[in-house]
1. Among the candidates B:Val709, B:Val704, B:Val689, which residue alone is buried (at least 23 other Cβ atoms within 10 Å of the Cβ), within 14 Å of chain C (Cβ to nearest Cβ) and over 30 Å from B:Glu136 (Cβ atoms)?
2. Only strands (runs of 3 or more DSSP E) wholly contained in region B:144-246 count here; list those with 3 or more residues that are more than 14 Å from chain A (Cβ to nearest Cβ) and surrounded by fewer than 20 Cβ atoms within 10 Å (Cβ to Cβ).
3. Got a sec? Which of B:Glu119, B:Glu136, B:Glu153, B:Glu90 is in contact with a Ser or Thr (Cβ under 8 Å, 6 or more places away or on another chain) and under 21 Å from B:Asn46 (Cα atoms)?
4. Enumerate the strands (runs of 3 or more DSSP E) found wholly within region C:38-105, keeping only those where 3 or more residues are within 14 Å of chain A (Cβ to nearest Cβ).
5. Of the conditions (1) within 14 Å of another protein chain (Cβ to nearest Cβ); (2) surrounded by 24 or more Cβ atoms within 10 Å (Cβ to Cβ); (3) over 21 Å from the mean Cα position of the chain (by Cα), B:Ile474 satisfies every one except a single condition; which number is it?
6. Filter region B:590-633 for residues that are outside any strand (DSSP E or B) and over 27 Å from B:Ile728 (Cβ atoms) and give the result.
Amino acid sequence: MPDHPTGSDTLPLSLTVNGEARQLRVAPWTTLLDLLREDLGLIGTKKGCDHGQCGSCTVLLDGKRANACLVLAVVKEGSNVTTIEGLAGPGGALHPMQAAFVEHDAFQCGYCTPGQICSAVALVEEGRARTPDEIREHMSGNICRCGAYPNIVAAIEQVLAENAR
Amino acid sequence: MSPIPNAETHVGSPRSRVDGRAKVTGAARYSGEFTAPDLAHGYVVNSTVAKGRITRLDTAAALAAPGVLEVFTHENRPRTAWFSYNYQDEVGPPGSPFRPLYDDKVVYSGQPIALVVAETFEAARGAASLVRVSYEAEAHETDLKNRMDEAYEPPKKRTGISPPPKPRGDARGAYADAPVKVSGDYWAAYEHHNPMEPHATTVVWEGGGKLLVHDKNQGVLNAQSYIASVFGLGKGDVRVVTPFVGGGFGSGLRPQYQLFLAVMAALELRRSVRVVLTRDQMFTHVYRPNTFQTVRLGANPDGALRSIQQHAIAGTSQFEDHQEVVVNWAGTLYHCDNVELTYKLAKLDTYTPGDMRAPGAPLGLFATESAMDELACATGVDPVEIRLRNYTEKDENENKNFTSKELRACYQVGAERFGWSKRNPEPRSMREGRELIGWGMASGAWEAQMMKTSARATLTADGKLEVACATADIGTGTYTILTQIGADAFGLRMEDVTTKLGDTTLPYSPVQGGSWTAASAGTAVQLACEAVREKLFKHARKASGSPLADVKLDAVSFADGRIEVTADPSRFVRIADAMRAGGVDRLEAEETAKPSMIDQLRYTGYTHSAIFVEVRVDEELGAVRVTRVVDAVAAGKILNPKTARSQVVGGIVWGIGMALEEETMPDHNLGRFMNHNYAEYHVPVNADVQGIEVVFVDEHDTKVSPIGVKGLGEIGIVGTAAAIANAIHHATGKRVRDMPITIDKVLG
Amino acid sequence: MYDFDYHKPSSVADAVKLLSADPDARAISGGQTLLPALKHRLNRPTYLVDLSGIAELRGVKREGDKITVGAMTRHIEVQNSPEVKSAIPALAYMATVIGDIQVRNRGTMGGSVANNDPAADYPSAVLGLGATVVTDKRRIAADDYFQGMFTTALEPGELLVAIEFPIPEKAGYAKMRNPASRYVMAGVFVAKTKDGVRVVVNGAGPGVFRQTDMEQALSANWSPDAVAGIKQASEGLNSDIHGSAEYRAHLVSVMAKRAVTDAG
């Protein structure tokens, strides 16, 4: 844990991160995003804007997608956090959504990709989006500046189709 | 160079990205994510006036804040190079480059004026808010409209950027005499690159004066020579390693100020330092210039062009003359005897604009291709037909032939896939529910370039290949195509090839940009592999009782870890055996690819496209949706149809943003951009993008580059905005010449 | 961010005690507005009072002819609530067009109504349905609650606990969202209740307001055509980089028509 020289006491925090129970101490103002990236070294969750506008920091918070930059870590005492690092199976087998992203070339530079994938995994779980138009609408909280959107939609459609089988 | 014979090649086949796993698992590490023991964090303080002088910079409170190590300003900046030429970089324009923390002068709003370095990012950010600055502000000008009278032709031309050609014929006279005339003024807004990864530099202090620098850029060697020159360091003391770049689009071509600041702080504090810009700060450096154009076309009633006049004025900074190719495209695309093209700059109190995806071309062709659409309407000739009637087989700007030009096929294939023949030319003739439907099209072109580039290939006895080049992969797929080329050279599986990029210890490459990397680095890798093949073949022939002793190199194939006689694969030598015969366990070669001087003198090379767009316009709201795009592209050889398509799709998405959404709005009173975040600067989101179809037209080109590749990074954006504007006209009858075409302009 | 303390009370009474003790204390609900403000240092609390541990602030109830939504109920819960969907589908629909799903999973109705951002969605439903804002101290009629940009009748230290929505005969909502931020550029909420017709405009002006010309027209004739011809005056409407006052005025007529169509 790096020290927080701006003062104030840190608070205890219990979190399950990617299946592992963690006992942490955090300053009250630490966002979940900074906790993941700076303290836990989980750099797969990206900081694109730090203001909830780009979706690069999307993680699964108790199974629901959230922008980690707009969540104070202390608020999530007892929660279960899944980041991109926690999606692959044992032995490194890619999650079906990760595999579909590779197959459909659903990314270019890769910076928004962890957020897109976490968001897409949640989208499938939510079960609301079925048609391409619905997928587009429900994926619009995640900006991809490379413009891989059609391929992202194709990857999600594939996973939805696989699940329907 | 002979093609490498191989029936089943990776090149030309769709292949998934070799760096895909790293990117989908979060393992790919970007510049702001490298770490080091004892890492300090820098936070930048930016100026709040556009022009003037800093009269007082009070850093006492910031320095006293807990965890703060130092506050760097122009007053305590460590010694750096004195002369502005030391700050030059590989792609910078003529002028005197911006020097961070150089003196008390403020030359643009948002200029970095202090760097707070602290033990943590939060401490640095907190202390930065305590820095108090007083200015003596001077009157500034950021409005291009107010400086157009003073526009000038740049006296010194930017290297690699063709100035407008000399006028040919009598464009004004021919326009006056032309039976059909169209003319119009065109505006293009300021745009910012907005890569998802903010600019970031992590400098790892390795001791002994050695620095390991992870910097977001599109060329590690450019960053290295900049640092060495500015800080008076030997290149051996500065290694720049950037394996992944979270989007560049031109914003990483020139060194950005966080690189300077991070290196300065690391050298002075003698410890590792990271500086990451915030999203807001991403609006305090490079951008696409605000550009004004006038186009006049004169034609015969059948649509044949008699006169082309296109004039552009673009904004630049007070200290550099940024230049791009805006107006030349009309003279390259169409046959016309009377052509006058001019390009001028106007000085503004802003940072220097820079290259942003296809610099110049989409702006110029927005105007040209909108005017061609107007001409089609005025003459009653179909928009595709009018372009075919003015087709040229020669680049009349340069009076040279093209290395190849399959634009005619692009028009035909694109129109067919789109269903263009069903178009009713009458505006406002199609409607569904609340929405008017419009179909529009445009042509695209981008220069196919090749740059001197080196690469190394290393084959080991276990049949594994490493290819290496200092170039970047900014999302372009460079890792993947170089892996494909290397694998094909030795008949290997993709998994047996490792590609290394983005490291100053690797063979020379210029910055990644201009769509030249595939042609340049691809050729270099192929040459290096061929050199290794030759060495390997020599060893194979020497093996005792070699079945290859009496055959020539062109009679063998490399496959499955062996060299075999093509006509009789039962005669072969394994790679391992060949190496053993030569007494080596690895073979290595470094080769340099250069464009052919003779072909360059004789020909000009362009990638072409024809783009067809359907829009739907909610007339009550003025809201425009792009519902269908077909882009037919002729780009020479396509190395990887999967990643190639992604490049073009990405460019089209950029074109949608340019046409309808993207605009950085200055408050001219403050001289500052107002909408410096993703909530107010609208980049396309998933819901803004619907069906996009990319078709690659066959194009065989032996002159443009040894591997026949033209490059794809820019072509997708080039004609898109014009096609959308033309489709909006077809839907609504309204011709909007001011980008982005926002709701107010559609309604107004 | 910077130095502040953190408290997580488990009852409304404890929360109010904490919020009343220090004028610079701030309540945090979903944090989707507060966190950006903290990062920009627009808001510098001494401590935050986290409302997420207070069970009584959560959930949706139907009691007789009204729907009560707890302040800490998240947008996604409003969107999915069977009670809201059956009783006031326009309110459930409204929740589906707030921000993106990441925001809807975190943001709360109480946070939105307490903040009263002119570009927020919920205030138009609260006023349009003639709802009652329930606090720890009192019940405030919607007509008295909204007092202009970012301003409400809430006193310092007063905590918004729930909102009671009377179930209307019909209601509809239409908005033109900013294509980038998805905030409202102009939205109209229409409702037909036993007490009459209400038409409320959000996003277009400095705060939500009732469009009385349209209310009269719809009272006489509940149909999209009744409002289509009514022009909203542009005076006093917001004019910014996203749209002029004139454009927003134009949008009000279009959105009113679409909201009535939506209400059926």
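1. On the way: B:Val709 fails: within 14 Å of chain C (Cβ to nearest Cβ); B:Val704 fails: within 14 Å of chain C (Cβ to nearest Cβ).
Every option except B:Val689 fails the conditions.
2. In region B:144-246, the matching strands (runs of 3 or more DSSP E) lie at B:180-188.
3. B:Glu136
4. Ranges flagged: C:47-50.
5. (3)
6. B:Lys594, B:Pro595, B:Ser596, B:Met597, B:Ile598, B:Asp599, B:Gln600, B:Leu601, B:Arg602, B:Gly605
So that you can scan it fast, the table gives a plain yes or no per residue for (1) more than 42 Å from the chain's Cα centre (by Cα); (2) among the aromatic types (Phe, Trp, Tyr); (3) more than 27 Å from B:Pro706 (Cα to Cα):
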{"residue": "B:Arg571", "(1), (2), (3)": "yes, no, yes"}
{"residue": "B:Ala578", "(1), (2), (3)": "yes, no, yes"}
{"residue": "B:Ala581", "(1), (2), (3)": "yes, no, yes"}
{"residue": "B:Asp585", "(1), (2), (3)": "no, no, yes"}
{"residue": "B:Glu588", "(1), (2), (3)": "no, no, no"}
{"residue": "B:Pro595", "(1), (2), (3)": "no, no, no"}
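Results for (1) at pLDDT below 95; (2) more than 11 Å from chain A (Cβ to nearest Cβ); (3) within 23 Å of the chain's Cα centre (by Cα); (4) buried (at least 24 other Cβ atoms within 10 Å of the Cβ), shown as yes or no for each residue.
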position: B:Val617; (1), (2), (3), (4): no, yes, no, yes
position: B:Gly622; (1), (2), (3), (4): yes, yes, no, no
position: B:Thr627; (1), (2), (3), (4): no, no, no, no
position: B:Val633; (1), (2), (3), (4): no, yes, yes, yes
position: B:Lys637; (1), (2), (3), (4): no, yes, yes, no
position: B:Pro641; (1), (2), (3), (4): no, no, yes, no
position: B:Val653; (1), (2), (3), (4): no, no, yes, yes
position: B:Pro666; (1), (2), (3), (4): no, yes, no, no
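The values are calculated or read from the model by the stated rules, or taken from the named source; none is laboratory data. Since this is a predicted model, take the numbers as computed values, not measurements. Don't worry about glycine lacking a Cβ; one is built from the backbone with ideal geometry, like all the others, and counts go over all protein chains shown.
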